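One structure below.
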Amino acid sequence: MVQGIQVIQDKQQIHQVQDSREIQLSVQQLSKRYRTGEGVTSISLDVHKGELITLLGPSGCGKTTVLRSIGGFLEPDSGDILIEGVSVLKSPPEKRPTSMVFQGYNLWPHMTVFDNLAFGLKIRKMKKAEISQQVKDVLKLVRLPDAENKFPGQLSGGQQQRIALARSLLLKPAVLLLDEPFSALDAKLRHEMREELREIQAETGLTMVFVTHDQEEALSISDRIVVMNHGNIEQIASPQEIYDQPNTLYVAQFIGKMNFLKGVVSEGQVLVGKLKFPNSKSLSGGVWLAIRPEDVILSNQEQEGLPGVVKQIMVLGHYAEVSIQLPEYGVIRAFQPRDAVKELHSGDQIYVSFKKVITYPEV
Amino acid sequence: MMKKQVKMGILGLLMVIPSFLLLFVTVVIPIAVSFKESLTNKEGGIDLSNYKFLFTDKLMRSNIVFSLEVTVISVVIVLIISYALAAYMRFNKGKLVGWIRNMYMIPMFIPSVIATYGLIQLLGNHGWVARWVLLFGGSGIPRIIFDMKGIIIANLWFNIPFTTMLLGSALAGIPDSVMESAKDVGAGKLRIFTRFIVPLTYKTLLVAVTFVFMGVIGSFTAPFLLGPNAPQMLGVSMEQIFGVFQEKEQASALAFFTFLLCSFMGYFYIRSMIKEEGARS
Amino acid sequence: MLSKKSTLTLLTVTTVTAALLAGCGNSNNSDTANAGASNASTTNAGSNAASADPTAQQVEFSFYFTGSENVKNLWDTVIPMFEKDHPNIKVKEVYIPSGTGAQPTYDRILAAKQAGKGSGGIDLYEDGLSNVTQGQKDDLWETLDPAKISNLASVDANTMKDVSNLAIPYRSSAVVLAYNSEKVPTPPKTLDELFAWIKSNPERFAYNDPSTGGAGSSFVTTALYDKLSEDAIHNSDPSIEKEWDKGFETLKDLGKYVYGKGIYPKKNQGTLDLLISGEVDMIPAWSDMALEQIGNGQLPDTTKIAQITPGFNGGPTYLMVPKLSDKKDAVNEFLNFVLSPEAQAVVVTKMHGFPGIELSNMPQDIQDSFKGVAEGFRTFNIGDLGNEINKRWQSDVAAQ
């Protein structure tokens, strides 16, 4: 209700708002348990004004539960939800300053696009002329200026989701909730829609909570990502940080490609074969080392690493993925510049070392 | 290319012919025959005297009015109750819902004659209900059996299960997200009902109206056993004219008139279907 | 595409409509058949036989009868009893359920005779009075000889004379008053007394819609012909219709005193149900139905039956032997058995019909149960006028 959909000319303004770290949405120790045993446990989360935050996790991790609780479609067992500092827990969905874009079947099939968009405004007793102006504006924003008189059945899936987004935007919600809105679309369209959503967010400065199970989607659109697993938050951080510094073994496994090797702590260092790394987390005993494929260094000099045999080389556009069989450690993958693998063949003896490792205690 | 099209056309025609013939023999011919018969007067000539009788005879006129009255009241009550039941089952969970879901179809499995006698036992002057009312100090119940009320109650019994099933499946076809998104933009319960649930089930509602209307106006067993001696429902009157008075032509006229009433309902149903199609495509 | 779909829909709706209409047509027919069946519980034949000659060769004869299930039950009981005593005679039952639309048996006998084919394989036939007299004209029936059927002596001689010894009235049923003897200590003896009782006991009397069952029909007919000349009940000429006016006046007037101030239940059973539930104290009913339901406890045992004078209509059912049958000896033995007290007891116990032989030949307990009922019913023979009565009753009395 605070921020309009009117295009905010001065983008600086948004940044200022963001910088001031004003909290738009605060989820506090939210718990909800279903009869099946699934649910969420004591989730706490602050979302800043104008931020696009993504709840990411596999199905059943509780991300949708959190989202639906914010929207008012679920009643949590305990905890609180504050929007602009006010608890909304007692309000039904129609009274909350939130709006939700659903996964599918979003539009009302018996109404034209105009009626779909105008419905909420009519409830708010807006004047006719104003409604039709706002509908026109929002249709322009979602790039469907001519759809007004069509029925949802006459629109493609992507167009329908854009109208659904428009419908929510019109209501100028304090928090916009998106429940896997693009999951029903094909890959190309999904990419386009992500970009558009990002642009619309930039233009409107809306606070958005986005739910997805697609880590690539999360990485590409979010200001911050909340990685969830089994009803708990594993990590809340920016996409960059999540990628570079996954807090837990689970996050390391879930986000991006990652190699895992078993090592051991000895004399204050983490050892893998003859390679040594600093024990920055002060672990002891057995540890897991996680290495991004791009941090793997290949060499034919014996003293520089662990011995291995090239199993397969896949050239993927501008880079190549090389699989290397390491005795005792299994197969690891390395991303190499295309030129660097020209001389490499499967069956070649090779030595592997790492630019950067992340360590986790062995469970 | 052309040849293939012709072949397909012939195949299509061949596949339609059996059902068309069946329709022709079982429906079109009988209707045509009874229409012709209804135009035959006592002297064997052709005129509208039988229809004139339908609308001028005091008894027949009151029968027609009575039938329409019973039908309209039954349709309205059936739809209200069925819709409420179906909506309750759609939007609620719990033991009561499971209970209703298991029970509401039972009347469909009880033969109509047995059910009708059951109703007489239950609602008759000295029936169970009357006895309970007396037991708890009441002064008896108004006359239900041998009255319009009896026919209507029987019609409820016969029509609610199927109608509820029909509407139930229509309501089940409305995705939760439609209603949630309506709630989300700020619609209250009443508005969701009038602007979403009703419009989205409107077509099925119309089908239900058509079915109940036709079922009730053509009913025989219940009005025969439960209804008053006069006025009569059209089905009972038709039977009496045909079977007892043996006035075949008058019975045909009455049958054809009933057919027209039903066709009238069908017309509205079709018209709304066409409208809908037109709007969609 | 659009128009195709609409056409399809139109066809569908038409089908549904037609199916509904057809459905209601069907139920009409079947119900008519049922309504008729209760009246028609007067059909059938029996026979009795003297002793059998065990050395004789086995003879099989065909026995044709129609009617409701209770008629078949009767013969399914009587015939094995007979065959047990007469191992050399076999009775082939040919039961034609009412309403099956088979060629009427009477026409078959007549056609066989005209074609010179004997009796058409029909050796014994059961039907009502009209076919007895019709067959008399067509000379189809064998004159029955008391010398060959010794038990004929126990049948009322006058009745036999009425049918010129061509048929055996082996059982009868009639419409009677069934009443609750606790509430009605002395039942009316005449129609006038009955009318007076109805008026002084409002809503305690019911008769069924005459178009749906013979009991109500009999009450209405009896009321209409109450003050008419005696031979009017055998007059099928439409000119008599205007003489009904007074009777219809009376019935119309009774409307406010009968059950529910003008409710006439459907079918013979409809009024019996009211008597069972105690909603009324007196009804006209078929004797066999009332007695059967007293017997099996459906009607309370305080229920009694009585006939008025002159009586409601009723009549015997006859057995006839086609003249051209070649198995008359066997048939005569069977007829003799049917008229034995033993077989007649089955008529009483199984069908609750009146026995065809004089009551004095029956066991004492059966005699007692028929006290005051067995006599006095009348046979109306007014042809198609019955329909006219129903029509006028519907418009004058039901819809008053």
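Using a Förster radius of 25 Å, what is the FRET efficiency between C:Ile276 and B:Val133 based on their Cβ-Cβ separation? Nearest 0.05, please.
Details: r = 20 Å, r/R0 = 0.81.
Efficiency at R0 = 25 Å is approximately 0.80.
How long, wide and thick is region A:257-361, going by the Cα atoms along their three principal axes, in whole angstroms, largest first?
Sorted from largest, the Cα extents of region A:257-361 read 40, 24, 18 Å.
Over all alpha-carbon pairs of region A:187-291, lay out the pair-distance distribution in 10 Å bins, whole %, shortest bin first.
Binned Cα distances yield the sequence 13, 35, 28, 14, 10, 1.
Tell me the label-point distance for the pair A:Glu130, B:Arg191, using the 7 Å Cα-to-Cβ offset, in nm and rounded to one decimal.
1.5 nm
Quick one: among B:Lys203, B:Lys183, B:Lys42, which has the greatest mean-square fluctuation in a GNM of chain B with alpha-carbon springs under 10 angstrom?
In this elastic network of chain B, the residue with the biggest mean-square fluctuation among B:Lys203, B:Lys183, B:Lys42 is B:Lys183.
Suppose a student asked you for the relative contact order of region A:11-250, using Cα pairs under 8 Å spaced at least 6 residues apart; what percent would you report? Provide the component values of the computation, followed by the final result.
Working: 451 pairs, mean separation 66.4, N = 240.
Relative contact order, region A:11-250: 28 percent.
Which peptide among C:348-357, B:190-199, C:125-134 comes first, and what is the full order, when sorted by highest mean count of other Cβ atoms within 10 Å?
Those peptides, ordered most packed to least, come out C:348-357, C:125-134, B:190-199.
Place +1 on the Cβ of every Lys and Arg and -1 on the Cβ of every Asp and Glu in region B:174-239, take the dipole about the Cα centre, and give the residue among B:Leu200, B:Ala222, B:Ala187 whose Cα lies farthest towards its positive end.
Positive-end residue among those listed: B:Ala187.
Taking only Cα atoms of region C:110-158, what ratio of Rg to Rh do you get with Rh as the Kirkwood inverse-distance radius?
That ratio equals 1.02.
Based on the Cβ-Cβ distance of A:Phe335 and A:Glu22, what FRET efficiency does E = 1/(1 + (r/R0)^6) give at R0 = 41 Å, to the nearest 0.05? Spell out each step's value before the answer.
Values: r = 40 Å, r/R0 = 0.98.
E(calc), rounded to 0.05, equals 0.55.
For B:Phe55 and B:Leu13, what is the calculated FRET efficiency with R₀ set at 56 Å and r taken between the beta-carbons, to the nearest 0.05? Walk me through the numbers on the way to the answer.
Values: r = 43 Å, r/R0 = 0.76.
It comes out at approximately 0.85.
Quick check: pseudo-label points 7 Å beyond the Cα along Cα→Cβ at C:Thr349 and B:Val97, how many nm apart are they?
6.2 nm
Return the long-range amide H neighbours of A:Gln24 (sequence gap of 5 or more, or a different chain), with a cut-off of under 5 Å between placed amide H atoms.
Here the answer is A:Val47, A:His48, A:Lys49, since their amide H atoms fall under 5 Å of that of A:Gln24.
Among all helices in chain B defined by DSSP H, which have a length of 15 Å or more along the axis from Cα atoms plus a Kyte-Doolittle mean of at least 1.6?
Values: long enough: B:2-23 (31 Å, 1.38); B:58-91 (49 Å, 1.51); B:112-123 (16 Å, 1.64); B:148-172 (34 Å, 1.26); B:198-217 (27 Å, 1.84); B:248-280 (47 Å, 0.32).
Qualifying helices, which must be both long enough and hydrophobic enough, are B:112-123, B:198-217.
Find how much the distance from A:Lys150 to A:Gln349 grows on full extension, using 0.36 nm per residue of separation minus their present alpha carbon separation; answer in nm with one decimal. It would help to have the intermediate numbers written out before the result.
On the way: separation 199, 0.36 × 199 = 71.64 nm, distance 6.42 nm.
Separation in residues times 0.36 nm, less the Cα-Cα distance, equals 65.2 nm.
Residues of region B:190-231 with amide nitrogen under 13 Å from the 7 Å Cα-to-Cβ point of B:Thr26?
none
State the antiparallel share, in %, of DSSP beta bridges confined to the protein assembly as shown, rounding to the nearest 5. Don't skip to the end; give the middle numbers.
Values: 83 of 113 bridges.
Roughly 75 percent of the beta bridges in the protein assembly as shown run antiparallel, per DSSP.
At 222 nm, what value in deg cm²/dmol follows for the protein assembly as shown if DSSP H runs of at least 4 each add -39500 (n - 2.57) and the sum is divided by all its residues, to the nearest 500?
On the way: 37 runs with 463 residues, N = 1044.
Calculated mean residue ellipticity at 222 nm is -14000 deg cm²/dmol.
Using a basic spin-label model with each label point 7 Å from the Cα along Cα→Cβ, how many nm lie between C:Ser360 and C:Tyr95?
Here the modelled spin labels are 3.6 nm apart.
Taking the DSSP beta bridges in chain A as the whole, what percent of them are antiparallel, to the nearest 5? List each step's numbers first, then the result.
Working: 59 of 76 bridges.
Percentage antiparallel, nearest 5: 80.
Let's see if you can work this out: charge +1 on each Lys and Arg Cβ, -1 on each Asp and Glu Cβ, no other charges. What is the dipole magnitude of region B:115-194 about its Cα centre, in debye to the nearest 20? It would help to have the intermediate numbers written out before the result.
On the way: 6 positive and 4 negative charges, 62 e Å.
Using Cβ point charges on Lys, Arg, Asp and Glu, region B:115-194 gives about 300 debye.
How big is the C-alpha Rg of region A:11-250 next to the rule-of-thumb value 2.2 N^0.38 Å, as a ratio? Intermediate values should be presented prior to the final figure.
Values: Rg = 17.7 Å, N = 240, 2.2 N^0.38 = 17.7 Å.
It is 1.00.
By how many degrees, 0 to 90 and rounded to 10, does the Cα axis of helix A:157-170 deviate from the longest principal axis of chain A?
The angle comes out near 60 degrees.
Just to confirm the number: angle between the C-alpha axis of helix A:113-123 and the first principal axis of chain A, 0 to 90 degrees, nearest 10?
That works out to roughly 70 degrees.
With just the Cα atoms of chain B, tell me how far they stretch along each of the three principal axes, in Å, largest first.
Here the spans come out as 83, 71, 31 Å, largest first.
Taking the 0 to 90 degree range and rounding to the nearest ten, how far is the long axis of helix A:128-141 tilted relative to the main principal axis of chain A, both from C-alpha atoms?
20 degrees
Percentage of Cα-Cα pair distances in the protein assembly as shown greater than 60 Å, rounded to whole percent?
Values: 225807 of 544446 pairs.
In whole percent, the share of Cα-Cα pairs in the protein assembly as shown beyond 60 Å is 41.
Can you find, among C:Asn361, A:Gly62, B:Trp132, the residue farthest towards the positive end of the dipole of the protein assembly as shown? Put +1 on the C-beta of Lys and Arg, -1 on that of Asp and Glu.
It is A:Gly62.
Each value in this text was obtained by applying a stated rule to the coordinates, not by laboratory testing. In this text the structure is predicted, and so the values were computed from the model without any measurement. In this analysis, Cβ positions are derived from the backbone assuming ideal geometry, glycine residues included, and neighbour counts consider all displayed protein chains.
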